[in-house]
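Below is one structure, written out as structure tokens; the observations come after it.
The values are calculated or read from the model by the stated rules, or taken from the named source; none is laboratory data. None of these values were measured; they are calculated from a predicted model. When we count neighbours, we look across all protein chains shown, and the Cβ atoms used for this are built from the backbone with ideal geometry, even at glycine.
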Amino acid sequence: MIIGLHREFTLMVRALEKGIPVILEGEAGTGKTEMAKEAAKLLKRPLHRVDGDQELSSLKIQGWFDPPMVLSKGYSWDSFLPGPLSQAMTEGGIFFFNEVNRAPSETINAVLTALDERLVTIPRLGMITAEPAFGCVFTCNPLDRVGTNPLPQAFFDRCVWLRLDHLPLEQAMEVVHLRTGEEDRNLVRVMCQITEGSRRHPDVVKGGSIRAAIFMVKLASSVRLQGEDPCGEVVLKEIAKSALTKKIRLRYNSELTEEQVVEDVVDRVLGISSEKKKTA
Ligand SMILES: Nc1ncnc2c1ncn2[C@@H]1O[C@H](COP(=O)(O)OP(=O)(O)OP(=O)(O)O)[C@@H](O)[C@H]1O
Ligand SMILES: [Mg+2]
């Protein structure tokens, strides 16, 4: 189930219905994977997924030959093991290429013919032509700079592009409630405010995502089971630091540590001013 993102989801489904590839660009936790899974479900098409990394070769997405089968049957369709792209093309499914900008350019180029001509060429065998229902969804994260390759213009030229932002507070709370089953709205609100606050903090260039809020609510629920107040300052800071410290990135000239920033965010959410802290 998708919360919010109505315009983006509708556009994405329309594009897939018309055979237009979609690229979803958004920071971690903005719902890219969820949108792709939900669209495949709505359109009743199988989703074939691959995750981009430096080792991902075009063979892994198109398919490869099974050596023992090649020995017995030679290079034939029987000895060919289709990769996720070929499977999606022949089944009329959705090819979901996650973090496409982490893949080598050679692999991205190998996908281009599938995007507009809707075919791939398998060496020694011939061509695979896509069924009409075949569709493609790509994702990338604009803050991901290490180990990524810029996507070629030819790639953007063949796709429609949709940007996903972090959800506003009320919708983020709905997602966290949906994923954790937590009924205490105040608890859910506090954790979503802390996550949002980590993105807005002046020293932060990359804040936490909704996943951090989901983790914090789960941890808080188990703290409450032990009879403690999860929204008490000390406990809340402990939970927030465990969920956020390693997920945030600070300005290069920040004088604070990640842990201090998380504590500061919690103070702001709890309404503890620096004046009060000094006098305490
Ligand atoms: N709009 C939404 N509606 C419902 N659930 C959502 C929504 N956005 C995020 N989620 C939930 O939040 C979590 C993270 O979402 P998702 O995995 O789709 O993010 P992502 O953009 O693919 O992140 P990443 O770039 O890290 O892969 C999941 O549990 C997902 O179900
Ligand atoms: Mg994802």
More than 18 Å from GLY63 (Cβ to Cβ) and buried (at least 16 other Cβ atoms within 10 Å of the Cβ): which single residue out of VAL111, VAL175, VAL120 fits that description? VAL175
Tally, over region 4-50, of residues that are crowded, with 22+ Cβ neighbours inside 10 Å, near ligand 1 (Cβ under 10 Å from one of its atoms) and assigned to a helix (DSSP H, G or I): 3
Within the set of pairs 6 or more residues apart or between chains, which connect a residue that is more than 19 Å from GLU117 (Cβ to Cβ) and free of Cβ contacts under 8 Å to residues at least 40 places away in the same chain inside region 73-101 to a residue that is away from ligand 2 (no atom under 15 Å from the Cβ) and assigned to a strand (DSSP E or B) with Cβ atoms less than 7 Å apart? SER79/PHE65; LEU81/GLY63; LEU81/TRP64
How many residues does region 180-214 contain that are surrounded by 15 or more Cβ atoms within 10 Å (Cβ to Cβ) and assigned to a helix (DSSP H, G or I)? 19
Among residues of region 218-244 being surrounded by 13 or more Cβ atoms within 10 Å (Cβ to Cβ) and among the polar types (S, T, N, Q), the residue farthest from GLY208 (Cα to Cα) is SER221
Among the residues listed as VAL100, VAL111, the single one being under 21 Å from the mean Cα position of the chain (by Cα), at pLDDT 90 or above and under 22 Å from GLU34 (Cβ atoms): VAL100
Can you tell me how many residues within region 51-101 are in a loop (DSSP other than H, G, I, E, B) and either surrounded by 18 or more Cβ atoms within 10 Å (Cβ to Cβ) or within 16 Å of ligand 1 (Cβ to nearest atom) (or both)? 6
One residue from VAL190, VAL175, VAL205 being aliphatic (A, V, I, L, M) and over 20 Å from the mean Cα position of the chain (by Cα): VAL190
